[in-house]
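The values are calculated or read from the model by the stated rules, or taken from the named source; none is laboratory data. What you see is a predicted model; the values in this text were computed from it and never measured. Note: ideal-geometry Cβ built from the backbone for every residue, glycine included; neighbour counts use all protein chains shown. Note: accessible area is taken over every heavy atom of the protein model, side chains too, but ligands, DNA and RNA are not part of it. Shrake-Rupley method; radii C 1.70, N 1.55, O 1.52, S 1.80 Å.
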Amino acid sequence: MNSGGSGFGIEELPRIVRGRGSYLFDAAGKRYLDGSGGPAVFSVGHGHPEVNSAIKQQLDEIAYGYRYVFTSSSLEQLTKTIHRLCGGVFQDLVYTGSGSEAVEGAMKIALQHFAARGLMSKRRFIARKRSWHGNTLGALSISDFLQRRRAFEGSLLDATFVSAANAYRLPDGVSRVDLVKHLADELERTIVSLGPQTVAAFVFEPIVGAAGGVVPAPAGYAAAMQAVCRRHDVLFIADEVMCGSGRTGTWRALEHDAVVPDLMCIAKGLAGGYIPLGATLVTAQVAAPIRAEHGAFMTGHTFTGHTAACAAGLAVQHILERDRLLERVRAAGAALQETLRGALSAFDEVGDVRGRGFFIGIELVRDRHTKAPFSAQRALSFDIGARAFADGLICYPCSGNVDGVSGDTIIIAPPYNASDGELEEIVVKLARAIDAALSNHGGIS
Ligand SMILES: Cc1ncc(COP(=O)(O)O)c(C=O)c1O
């Protein structure tokens with residue numbers, strides 16, 4: 001990006017000045033409909049007066065009480081709320097300032113768990129191809145996102161990657177019916193060949209976000225993978241940073257699969273973008289040896305459990321419960337997916353429309369039958385994203401889902417309280433952007 005006058009490369013972007021509900025406004029007065037909640041963050045939209053007033057009130061009282069010295073009402077109430085929203089399945093939680101830290105925290109707690117049990121050889125992580133877990137070195141090490149890893153290769157942890165669970169892009173020779181068994185067998189073989197005594201945890205996104213363009217795992221996948229992990233004393237870590245906190249219509253994405261992971265990471269929708277906030281959630285079984293041997297989790301940072309961030313999270317979660325937004329996401333999400341499928345069916349290049357709730361992915365392919373992607377050089381998803389943006393719609397273009405380089409997907413992830421009219425506007429503008437991008441390819445395929 002051009003670094004321009006300031007040297008920080010921000011001159012090319014419009015200057016944001018205001019947000020209200022599902023809309024954002026730039027300094028030139030242009031209005032944008034937030035069709036992707038930024039990167040699937042804004043769960044209750046922008047400028048919500050109740051969230052703003054909860055934050056202001058907290059700031060007026062105290063911005064932040066350092067976690068080793070004080071607790072606070074906001075922190076305690078948010079913790080109880082998360083506990084309840086998760087159905088009481090987690091006993092402990094460590095707050096973080098981002099999704100990457102939440103993943104980093106889960107990795108460290110997994111290692112600490114085995115250290116507390118005297119199993120110091122259990123150090124290795126198994127993750128999946130075409131996954132994204134964050135930008136810190138640990139989280140990046142378990143992420144298979146070529147462009148984002150490349151500059152750091154050589155300094156990353158030596159993680160092991162198994163296949164993605166993608167029903168649209170099946171492994172060679174594997175049918176949809178056999179997919180879950182195939183993937184569970186692969187995980188078991190991998191653990192056995194590494195030696196179960198060396199493996200600490202398997203980490204996965206229940207619905208892959210940016211690295212896959214919203215890829216829900218097939219039915220039965222999470223349970224089958226968890227059963228393999230259980231057999232080999234390997235912890236099962238669900239990264240719900242993007243798909244969790246209600247985005248798919250249940251508070252935990254894995255609720256849909258009736259699976260409780262050993263550790264779970266959340267962030268984006270928790271405080272809905274008002275103040276950075278995430279958390280690593282821990283079951284009693286994982287926490288018990290740590291509590292017994294070490295007393296406390298050895299992770300967290302200065303701003304862990306920041307009081308104003310907790311006040312924001314509490315207000316967002318209060319709105320989500322009071323306004324029954326999970327129900328809204330379930331019902332309107334299914335309808336939105338159907339409407340998108342219908343509106344985009346005229347384009348041969350739309351290979352797949354998938355997802356759950358307000359987390360929908362659209363995959364573009366050069367050939368619907370072979371599912372061959374467009375060349376990376378064409379940058380189709382970014383072209384669509386740019387055209388939508390010019391037309392006042394924010395969507396989330398992603399690339400590289402097929403082989404790390406090629407593959408074009410668009411993520412739609414509106415605020416949970418987006419109106420029917422706003423959802424309709426997303427469909428119309430996205431179809432227009434796809435049409436324009438496909439008709440103006442400049443000779444590149
Ligand atoms: C699944 C998943 N995990 C982790 C992260 C990292 O979160 P953050 O960017 O807040 O550090 C992301 C961010 O996109 C994500 O989608």
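Please report the carbon-and-sulfur percent of the accessible area for the chain; probe 1.4 Å, protein heavy atoms only, DNA, RNA and ligands left out. Don't skip to the end; give the middle numbers.
Working: 10040 of 18200 Å².
Here carbon and sulfur together make up 55 percent of the probe-accessible area.
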Please compute the modelled spin-label separation between Asp367 and Arg117, points set 7 Å along Cα→Cβ, answer in nm with one decimal. 4.9
Inter-label distance for Glu153 and Ser175, nm, one decimal - labels placed 7 Å from Cα along Cα-to-Cβ: 3.8
Leaving out same-chain residues fewer than 8 places away, which lysines sit with a Cα under 27 Å from that of Lys108? Lys80, Lys122, Lys129, Lys268
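Roll a 1.4 Å probe over the protein chains and send me the accessible area per residue for the chain in Å². Walk me through the numbers on the way to the answer.
Numbers: 18200 Å² over 445 residues.
So the chain comes to 41 Å² accessible per residue, rounded to a whole number.
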Two-site label geometry, Arg189 and Ser53: point separation in nm, points 7 Å out along Cα→Cβ: 6.0
Residues whose modelled amide H sits under 5 Å from the amide H of Val208, counting only those 5 or more places away in sequence or on another chain, are Val215, Ala217
In what sequence, highest mean first, do 47-53, 235-241 appear when ranked by Cβ atoms within 10 angstrom? 235-241, 47-53
Computed helical MRE - 222 nm, the chain, DSSP H runs ≥ 4 contributing -39500 (n - 2.57), nearest 500: -11500 deg cm²/dmol
Multiplying the sequence separation of Ala227 and Ala390 by 0.36 nm and subtracting their Cα-Cα distance, what value in nm do you get? 53.9 nm
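Order these peptides, 302-308, 277-283, by their mean beta-carbon neighbour count within 10 angstrom, highest first.
Those peptides, ordered most packed to least, come out 277-283, 302-308.
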Determine which residues of the range 100-133 fall in the zone a paramagnetic label at Glu293 would reach in this model, i.e. backbone nitrogen under 16 Å from the point 7 Å along Cα→Cβ. 107-124
Between Ile16 and Ala331, what length in nm is gained on full extension when 0.36 nm per residue of separation is reduced by their alpha carbon distance? 110.3 nm
Per GNM of the chain with C-alpha springs under 10 angstrom, the most fluctuating residue out of Ala413, Ala271, Ala115 is Ala115
